[in-house]
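This report concerns only the one structure given below.
The values are calculated or read from the model by the stated rules, or taken from the named source; none is laboratory data. Small disclaimer: the values here were computed from a predicted structure and weren't measured. Methodologically, a virtual Cβ is constructed for each residue, glycine included, from the backbone with ideal geometry; neighbour enumeration extends over all protein chains shown. Note: accessible area is taken over every heavy atom of the protein model, side chains too, but ligands, DNA and RNA are not part of it. Shrake-Rupley method; radii C 1.70, N 1.55, O 1.52, S 1.80 Å.
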Amino acid sequence: MPVSFVASIHSQAGIDQRMLRFCYDRLHSLLLTLEITDTDEFMHIQTICDFATLIGTYSRGFSIIIEPYDDRMPEVRDPVIQLSCHDASLAIQPVFDRFQTVVITSGTLSPIDLYPRLLNFNPVISRSFTMSLTRDCICPMVLTRGSDQLPVSTKFDMRSDPGVVRNYGRLLLEMASSVPDGIVCFFVSYSYMDGIVNSSNEMGILQDIMQHKLVFIETPDVVETTLALDNYRKACDCGRGAIFFSVARGKVAEGIDFDRHYGRLVIMFGVPFQYTLSKILRARLEYLRETFQIKEGDFLTFDALRQAAQCVGRVIRSKADYGMMIFADKRYSRHDKRSKLPGWILSHLHDAHLNLSTDMALHTAREFLRRMAQPYDKAGSGGKKTLLTEEDLQDMARDAMEM
């Protein structure tokens, strides 16, 4: 904990908490006094000052984790000191202090009752709204088994099963042959994505997929990923069609939109749980349990389903858009997992689409695409409103007052 770490520094170096707290300000003042403009060469000492300022400022909500080596290479000594923040309320508190009214809104705030506990505030109004659409332009599906009726999942004891890998490959092949334009696939980790790509290549499935669409892959390198995205869009624009392999919690999942023909289908392979043996995650789970009484399982499920919603939400970015979402893991069929998804997805997730095989999902996809190919009224005069009038807002305000 920072308190014991600061006490250790004070006993060994004579530097107390107050001196640590002003490290950042003193370095900043020194650089200004010396009129240093090229600060890149001082980046490392800036990191140390940031570290010192944080441990000198906060006595709770942070953990200092010291690792003598990397878990992947335990024979190589490579000590690392990490400062991990476990309490998101520390970051949002200055906003609450400064502003009288704060509105927090997002398409992935689900379950909405967990956020006040994580951010440590009492909401005055908490509302969850459905999407106002002129047509059912979203088609979420839960795929629990392949064409051979074997269950599919990325659970640790199943993820390397050749049957699971083959069924994931066959699912993508079938969809690539029927869905036009762009398809986006999200995996739970880079290592699992590499394993699926290598196995599909050895089975010959990847070659069959590339007969229908080009394949592009996200990598940890930003430049390579940017180039792959650019070429993916070009392939979609020229009508060749493309598939983009990406990773949940990666750069693409966080901020790249696949609207219109760039994303007619998104497939979430597995449930993107965090690596549960991570020392940082274990420290955060312990803090949440002791401070906010949030159970470990509840937070892990909430975090994984939030990431899954973040990934599949890339495919629909406007009311004139349409797209399909496939949750390819048998665990999504369980109510305790599925109920954590946002309301705008659950409202379109019909009971008939909760336990599909690859063949059934393919049939559902073809039916959906056939419906979306029909002309429709964008203005919403067919009976469904997409824009609220002033009278509608007044009615909503009146209803809220009466509640």
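Selection of segment 127-147 for residues being part of a loop (DSSP other than H, G, I, E, B), touching a helix residue (DSSP H, G or I) at 6+ places or on another chain (Cβ under 6 Å) and among the aliphatic types (A, V, I, L, M) yields only Met131.
On the stretch given as segment 73-110, residues that are among the β-branched types (Val, Ile, Thr) and either surrounded by 13 or more Cβ atoms within 10 Å (Cβ to Cβ) or modelled with pLDDT of 90 or more (or both) total 7. From the list Asp298, Asp329, the lone residue that is surrounded by fewer than 20 Cβ atoms within 10 Å (Cβ to Cβ) and modelled with pLDDT of 90 or more is Asp298. Tell me, please, whether a residue that is in contact with a Gly (Cβ under 7 Å, 6 or more places away or on another chain), of a type in the set (Lys, Arg) and outside any loop (DSSP other than H, G, I, E, B) can be found in segment 160-176. Yes: segment 160-176 contains one or more residues that are in contact with a Gly (Cβ under 7 Å, 6 or more places away or on another chain), of a type in the set (Lys, Arg) and outside any loop (DSSP other than H, G, I, E, B). Selection of segment 114-138 for residues being farther than 18 Å from Leu288 by Cβ and of a type in the set (Lys, Arg) yields Arg127, Arg135. Tallying residues that are in a helix (DSSP H, G or I), of a type in the set (S, T, N, Q) and out of contact with any Phe, Trp or Tyr (no Cβ under 7 Å at 6 or more places or on another chain) within segment 220-277 yields 2.
For segment 193-241, residues that are open to solvent by 20 Å² or more (accessible area, probe 1.4 Å), closer than 27 Å to Gly163 by Cβ and in contact with a Ser or Thr (Cβ under 7 Å, 6 or more places away or on another chain) total 2. For segment 2-37, a residue qualifies if it is more than 15 Å from Thr53 (Cα to Cα) and surrounded by 10 or more Cβ atoms within 10 Å (Cβ to Cβ), and the qualifying residues are Ser8, Leu30, Leu31, Ile36. Reported count of residues in segment 338-352, each being crowded, with 19+ Cβ neighbours inside 10 Å, in contact with a helix residue (DSSP H, G or I) (Cβ under 7 Å, 6 or more places away or on another chain) and part of a helix (DSSP H, G or I), is 1. Taking each residue of segment 150-179 that is in contact (Cβ under 8 Å) with a residue 24 or more places away in the chain and open to solvent by 70 Å² or more (accessible area, probe 1.4 Å) and looking for partners that are assigned to a loop (DSSP other than H, G, I, E, B) and of a type in the set (Ser, Thr, Tyr) with beta-carbon atoms closer than 6 Å, six or more apart or interchain, yields nothing. Would you check if Asp359 is in contact with a Cys (Cβ under 7 Å, 6 or more places away or on another chain) and either at pLDDT 85 or above or open to solvent by less than 80 Å² (accessible area, probe 1.4 Å) (or both)? No.
Kindly indicate whether Leu281 is touching a residue at least 40 places away in the same chain (Cβ under 8 Å), within 28 Å of Pro2 (Cβ to Cβ) and either under 23 Å from the mean Cα position of the chain (by Cα) or open to solvent by 70 Å² or more (accessible area, probe 1.4 Å) (or both). Answer is no for this residue. Looking across segment 103-126, the residues that are over 24 Å from Met401 (Cβ atoms), touching a residue at least 12 places away in the same chain (Cβ under 8 Å) and in a loop (DSSP other than H, G, I, E, B) come down to Gly107, Thr108, Ser110, Pro111, Leu114, Asn120. Assuming Met324 fulfils every condition listed in (1) of a type in the set (A, V, I, L, M, F, W, C); (2) open to solvent by less than 20 Å² (accessible area, probe 1.4 Å); (3) part of a helix (DSSP H, G or I) apart from one, which condition is it? Unmet for Met324, out of (1) of a type in the set (A, V, I, L, M, F, W, C); (2) open to solvent by less than 20 Å² (accessible area, probe 1.4 Å); (3) part of a helix (DSSP H, G or I): (3). Here is a list: Ala235, Ala304, Ala309. Which entry is without any contact (Cβ under 8 Å) to a residue 60 or more places away in the chain and under 20 Å from the mean Cα position of the chain (by Cα)? Every option except Ala304 fails the conditions.
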